[in-house]
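What follows is one structure encoded as structure tokens, with my remarks underneath.
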Amino acid sequence: MEISVEEIQAELDRRRPGQSRITTPRSETDTCTIEAGIDNNIGRTLGSPIMIRVPNKDQRSQDYGQMEVAYRPSHADATYDFKYGIRAVAGGGRSSARETIGRVAAGAVAKKLLKLMVPGCEILAYVNRVLDIDSEVDHNTFTLEQVESNPVRCPDAAAADLMYTAIDNVRKTGDSCGGEVTCVVRGCPVGLGAPVFDKLEAELAKAVMSLPATKGFEIGSGFSGSAMLGSTHNDHFEMRDGQVRTKTNRSGGVQGGISNGENIVLRIAFKPTSTIGKEQSTVNRSGEDISLRAKGRHDPCVVPRAVPMVEAMVALVLADHLLQHVAQCEVLPRGDGPSPDERVRSQLASLRSPALQHTG
């Protein structure tokens, strides 16, 4: 498969710290090098595992001295100690959002695979809410350029200004705040996902909820759908340009655990960053009640940098399910199946693309 280090670096640049006043002030370039699995001379994968290396240069282990004995409220410090009896104090180890750099790098590869196999498939996320500040975004038309046009990563410019001010005000007080990220998949193939245990929404939920600081997941109508009648909530089918489409999209692009070709729309809630500069009551490893004012350089709000992380996890899930779908349903000719949807017979014709062919 054709892929370059520049394509991977472009995604890492969106995740890196120190991008603006409302992110962690740590200064990291997050420059990646491909150590294995890709021939950089021809820009093609080799079929072997891909190894991407990103050094961590701007670390300050001394900032974590106090946290060696004191548990940060709502952080993983306590539960890691409960479970393992030991934890990586400096930087937080596996509980640090630094681990997401590997996800974003892998997601860049998954995005390229989807682009080659399904031209027109696009995964775009944006910040739709910070605190109580909401945005209005057309999921059919917003662009990556609009998302990246401001540090908040909200394509609604007016809302983005309010969000930026709110985060900056929180930062100045030593506190933190939460928000939501919406992810939209446009042009997703029909048929991804499987019944029962491997439903597409279940796989997506697990993937994005494994990201640090996540506390909620919705797809389509989400929790609001529980207050509706079936006659109102149901997405009525219609024939449109030779395709079976739905007049509405309250299902969020997934029905019965399988993608139906409409936009997949996810919303993920992120809690406020737990490490803050305000004094809080806690307990130390000796069982004493103490006060803690945490040190370190942390995001006052994680959602602007979470946008590429969410996209990466969604891309990895879709790439996995696309490969499974091809193996299960696309190897043998379909013939004249019962579906009246023309996409079922033509949506993966791009598998014959030269960019995906073996070379001698």
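The values are calculated or read from the model by the stated rules, or taken from the named source; none is laboratory data. Owing to the predicted nature of the structure, the values given are computational and were not obtained by experimental measurement. Glycine gets a Cβ as well: all are built from the backbone with ideal geometry, and neighbour counts include every protein chain shown. Areas reflect the complete protein model, heavy atoms only, side chains present, ligands, DNA and RNA absent. Shrake-Rupley method; radii C 1.70, N 1.55, O 1.52, S 1.80 Å.
Laid out as a table, the results:
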read-out	value
Members of the range 203-222 that are crowded, with 17+ Cβ neighbours inside 10 Å and on the phi < 0 side of the Ramachandran plot	GLU203, LEU204, ALA205, ALA207, VAL208, LEU211, PRO212, THR214, PHE217, GLU218, ILE219, SER221
Output for the range 148-197, where each listed residue is charged (D, E, K, R), in contact (Cβ under 8 Å) with a residue 12 or more places away in the chain and within 15 Å of ILE133 (Cβ to Cβ)	ARG153, ASP156, ASP168, GLU180
Residue within the range 150-172 that is closer than 19 Å to HIS325 by Cβ and in contact with a Gly (Cβ under 8 Å, 6 or more places away or on another chain) present	no
Of residues in the range 34-79 being modelled with pLDDT of 90 or more and among the charged types (D, E, K, R), the one nearest to the chain's Cα centre (by Cα)	ARG53
Any hit, the range 135-155, residues being part of a helix (DSSP H, G or I), of a type in the set (Asp, Glu), at pLDDT below 95 and open to solvent by 40 Å² or more (accessible area, probe 1.4 Å)	no
Residue in the range 168-181 that is nearest to GLN255 (Cα to Cα), counting only those that are crowded, with 18+ Cβ neighbours inside 10 Å and of a type outside the set (D, E, K, R)	VAL181
Yes/no for THR31 being within 30 Å of ALA160 (Cα to Cα), at pLDDT 90 or above and assigned to a loop (DSSP other than H, G, I, E, B)	yes
Residue check for ALA125: assigned to a loop (DSSP other than H, G, I, E, B) and closer than 23 Å to ILE52 by Cβ	no
Inter-residue pairs, beta-carbon under 7 Å, first closer than 13 Å to VAL254 by Cβ and in the range 215-234, second surrounded by 10 or more Cβ atoms within 10 Å (Cβ to Cβ) and acidic (Asp, Glu), 6+ apart	ILE219/GLU201
Out of LEU323, LEU318, sole residue that is part of a helix (DSSP H, G or I) and within 15 Å of the chain's Cα centre (by Cα)	LEU318
Residue in the range 80-98 that is modelled with pLDDT of 90 or more and open to solvent by less than 30 Å² (accessible area, probe 1.4 Å) present	no
Selection within the range 182-191 - open to solvent by 10 Å² or more (accessible area, probe 1.4 Å) and either hydroxyl-bearing (Ser, Thr, Tyr) or outside any loop (DSSP other than H, G, I, E, B) (or both)	ARG186
Sole exception among (1) touching a residue at least 60 places away in the same chain (Cβ under 8 Å); (2) basic (Lys, Arg); (3) closer than 26 Å to ASN128 by Cβ for LYS247, by number	(1)
Single match in ALA160, ALA110, ALA125, ALA105 (criterion: of a type in the set (A, V, I, L, M), at pLDDT 95 or above, more than 17 Å from the chain's Cα centre (by Cα) and open to solvent by less than 20 Å² (accessible area, probe 1.4 Å))	ALA160
